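The values are calculated or read from the model by the stated rules, or taken from the named source; none is laboratory data. These figures come from a predicted structure and were not determined experimentally. For neighbour counting, all protein chains shown are included, and Cβ atoms are generated from backbone atoms with ideal geometry for every residue, glycine included.
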Amino acid sequence: MNIVERVKKILLEPKKEWEIIARETVNTSDLYKSYVVPLAAIGPVASIIGMSIVGMSMPMAGTFRLPLTNSIGSAFVQYVLSLVGVYVLALIVDFLAPTFSGEKNSSQALKLAAYSYTAGWLAGIFVIIPALSFFSILGLYGLYLIYTGIPILMKAPQEKALGYTVAVVIAAIIIFVIIGWASRLFISYPMPR
């Protein structure tokens, strides 16, 4: 299946698409090359454009643009850590499976982590125009994708899916905060004189 079709189906028909994904056999390398690597690049590329070309409006200071080297450094760190973050989240999903009466399966956990990030990666496009970056909240649809995917991919009973989802989401938030913190280390903001 091509990437555009997979994105449309996972966003518009997640329960049906999770069933298809559960039956697929894909190795880590192929999943990363065909899906994770291109989609994870959306936010970092958009942030380079938004921070260095479009610029950020600052009250009483006008528009501020970061030097291109700063935004590229920040985007690179964000991108690499996002790739690592998918794998770390998959390890956590797999580790938590028995706690919620699910089935340990590292391949299924990786698919759940990778495909549930879809909405967040696509929402990264909004940082092209920093004033619209609040629309990135649409990426929270990924929470629903996790919730619908857990019973199908990790074989957790439906009555435990919510608790499992909450545990995975807490882990994902921690990963997201670390990625955001690390990528912002490369940004220098103007200081008042």
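Right, Thr165: more than 30 Å from Gly62 (Cβ to Cβ), touching a Lys or Arg at 6+ places or on another chain (Cβ under 7 Å) and not acidic (Asp, Glu) or not?
In short, no.
Yes or no, residue by residue, for (1) hydroxyl-bearing (Ser, Thr, Tyr); (2) within 16 Å of Tyr87 (Cβ to Cβ); (3) touching a His at 6+ places or on another chain (Cβ under 7 Å); (4) in a helix (DSSP H, G or I):
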{"position": "Lys111", "(1), (2), (3), (4)": "no, yes, no, yes"}
{"position": "Leu122", "(1), (2), (3), (4)": "no, no, no, yes"}
{"position": "Phe134", "(1), (2), (3), (4)": "no, no, no, yes"}
{"position": "Ile137", "(1), (2), (3), (4)": "no, no, no, yes"}
{"position": "Pro151", "(1), (2), (3), (4)": "no, no, no, yes"}
{"position": "Thr165", "(1), (2), (3), (4)": "yes, no, no, yes"}
{"position": "Ile173", "(1), (2), (3), (4)": "no, no, no, yes"}
{"position": "Ile179", "(1), (2), (3), (4)": "no, yes, no, yes"}
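In the stretch 96-134, which residues are in contact (Cβ under 8 Å) with a residue 12 or more places away in the chain and within 15 Å of Met51 (Cα to Cα)?
Gly124, Ile125, Phe126, Val127, Ile128, Ile129, Pro130, Ala131, Ser133
So which of Val36, Val26 ends up being modelled with pLDDT under 95 and of a type in the set (Val, Ile, Thr)?
Val26
Under the condition of being among the small types (Gly, Ala, Ser) and in contact with a helix residue (DSSP H, G or I) (Cβ under 7 Å, 6 or more places away or on another chain), which residue from the stretch 126-165 is farthest from Val26 (Cα to Cα)? Break it down stepwise before answering.
Step one: filter the stretch 126-165 for residues among the small types (Gly, Ala, Ser), giving 131, 133, 136, 139, 142, 149, 156, 161, 163.
In the following step, the residues that additionally are in contact with a helix residue (DSSP H, G or I) (Cβ under 7 Å, 6 or more places away or on another chain) were identified as 133, 136, 139, 142, 149, 156, 161, 163.
On the way: Ser133: 33, Ser136: 29, Gly139: 25, Gly142: 21, Gly149: 17, Ala156: 21, Ala161: 24, Gly163: 27 Å.
Selected residue: Ser133.
Of all residues in the stretch 92-106, which are surrounded by fewer than 17 Cβ atoms within 10 Å (Cβ to Cβ) and part of a helix (DSSP H, G or I)? Even if it seems obvious, please write down each step before you answer.
Here is the first cut: in the stretch 92-106, the residues surrounded by fewer than 17 Cβ atoms within 10 Å (Cβ to Cβ) are 95, 98-99, 101, 103-104, 106.
Phe95, Pro98, Thr99, Ser106 - these are the residues of the stretch 92-106 that are surrounded by fewer than 17 Cβ atoms within 10 Å (Cβ to Cβ) and part of a helix (DSSP H, G or I).
For Met60, which of the numbered conditions (1) free of Cβ contacts under 8 Å to residues at least 12 places away in the same chain; (2) assigned to a helix (DSSP H, G or I) fails to hold?
Just one mismatch for Met60, condition (2).
Counting only residues that are crowded, with 22+ Cβ neighbours inside 10 Å and aliphatic (A, V, I, L, M), which one in the stretch 49-84 is modelled with the lowest pLDDT?
Leu66
Provide a single number: the residues in the stretch 153-163 that are in contact (Cβ under 8 Å) with a residue 24 or more places away in the chain and either part of a helix (DSSP H, G or I) or of a type in the set (Ser, Thr, Tyr) (or both).
Qualifying residue count for the region: 4.
Anything in the stretch 63-73 that is assigned to a helix (DSSP H, G or I), touching a residue at least 12 places away in the same chain (Cβ under 8 Å), under 19 Å from Ala182 (Cβ atoms) and not small (Gly, Ala, Ser)? List them, or say none.
Asn70, Ile72
Give me a count of the residues in the stretch 108-136 that are closer than 23 Å to Tyr32 by Cα and surrounded by fewer than 17 Cβ atoms within 10 Å (Cβ to Cβ).
Residues flagged as closer than 23 Å to Tyr32 by Cα and surrounded by fewer than 17 Cβ atoms within 10 Å (Cβ to Cβ) within the stretch 108-136 amount to 0.
Of the residues Val169, Val177, Val127, which is among the hydrophobic types (A, V, I, L, M, F, W, C) and modelled with pLDDT of 90 or more?
Result of the check over Val169, Val177, Val127: Val169.
Taking helices (runs of 4 or more DSSP H) that do not extend beyond the stretch 2-57, which have at least 1 residues that are without any contact (Cβ under 8 Å) to a residue 12 or more places away in the chain? Before the answer, list the steps.
Values: elements: 3-12, 14-23, 28-31, 37-40, 42-48.
Counting at least 1 such residues, we get 3-12, 14-23, 28-31.
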